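Inspection log for the structure reproduced underneath, given as C-alpha cells.
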C-alpha cells in the first residue's frame, strides 16, 4: 500500500474551525491542493476568512511573501459536500473532540474515498485504534495531532493504531516534514503525550480556583511568572475551549481509571453553562468587552 510522497498532491480537510482552517492553511502554503469541508457553507467561509487574515499577518511579519500568500489562497477550494473529497490523496478529519461525531463522519466519507486514500484524524486524546476500527481502512488510518494555533506551533504528535501500516505512518511523517513541522511519535494511550501532561495541569489549576486557593488572576500570574509559562493555565483553557478540556479529561478518566484524572466540578459547571472560553465569549475570563476580565 506504499504511496510515495510525490504522489500526494491533494489534501482534504474535514472541519473548518480553529484546527481545520489551520491545517488547510499550512498544507496550502506547503504546495498542496486543499479542499476544505464543513457541515455548513457559512462555516467554510468563516474558515477561509480566518486563513486569509492569518496569511496577511504572516506577510506583514515578513514570514512569507505576498506571492506565496496569493498562491496558497488559490490552492484552497471550499467543499460543501463530502463527495468533493473523493479524489483526495490524504483526508484529515479535524472535527470536534467527540468520538461519536468522528465515527459519523467516517461512516459518511469512507465510501466516497478512493481505495488508496489515507485517512487521518487530528484527535488530541481519542484512541487511534478504536477510531480506525470504525473505518473501512484501518491500515490506512493514522493520528496526526497538530497543536493550536497550527500556523504558529511547529510541533505535531504522530500516533499509529494497532493496524496502521508502516507505509501509512511513513507517509504521515513525510507529510508533516513537508509542512515544516517537527514530529514526535506517541503511543496510542489516552491523550497521547502533550495532553496527558498538559490537561491534568489545567484541571488542577481549575481545582485550585474551585477550592479558593487563588483567584483567576492569581493562578494565571503565578504560573506565568513563577513557572515561566507563556499563558496562565486558565487563560490557556479558555483558548483551547473548556468543552475540549472536559472531553480530554473524560477520556483520561475513563481510559486510565484513575481518580487523579477526575474532571473538576467547576469545569463541568462552566461547560454546562455554555461558558466554553474565547470562542463563546466567556469562560474563566469574559471576552465581551475591550479587555478580558475574570469571571471569578
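Quick notes on this structure:
- Of the residues making up region 277-291, those that are touching a strand residue (DSSP E or B) at 6+ places or on another chain (Cβ under 7 Å) and crowded, with 18+ Cβ neighbours inside 10 Å are 283, 284, 285.
- Single residue of 241, 274 found to be touching a helix residue (DSSP H, G or I) at 6+ places or on another chain (Cβ under 9 Å) and surrounded by fewer than 16 Cβ atoms within 10 Å (Cβ to Cβ): 274
- Condition met for residue 69 (surrounded by fewer than 17 Cβ atoms within 10 Å (Cβ to Cβ) and assigned by TED's automatic domain parsing to the domain that holds residue 25): no
- The condition (being touching a helix residue (DSSP H, G or I) at 6+ places or on another chain (Cβ under 9 Å), in the same structural domain as residue 26 (by TED's automatic domain parsing) and at pLDDT 95 or above) is satisfied by just one residue among 182, 176, 216: 182.
- The conditions of being within 20 Å of the chain's Cα centre (by Cα), at negative phi and surrounded by fewer than 19 Cβ atoms within 10 Å (Cβ to Cβ) are met by residue 98.
- Residue count, region 6-54 (criterion: assigned to a helix (DSSP H, G or I), out of contact with any helix residue (DSSP H, G or I) (no Cβ under 7 Å at 6 or more places or on another chain) and without any contact (Cβ under 8 Å) to a residue 40 or more places away in the chain): 10
- Number of positions in region 245-271 that are in contact with a helix residue (DSSP H, G or I) (Cβ under 7 Å, 6 or more places away or on another chain), surrounded by fewer than 20 Cβ atoms within 10 Å (Cβ to Cβ) and part of a loop (DSSP other than H, G, I, E, B): 1
- Verdict on residue 151 being in contact with a helix residue (DSSP H, G or I) (Cβ under 9 Å, 6 or more places away or on another chain) and under 30 Å from residue 58 (Cα atoms): yes
The values are calculated or read from the model by the stated rules, or taken from the named source; none is laboratory data. It should be emphasised that the depicted structure is a prediction, and the values quoted were computed from it without experimental measurement. Virtual Cβ from ideal backbone geometry, glycine too; neighbours counted across all protein chains shown.
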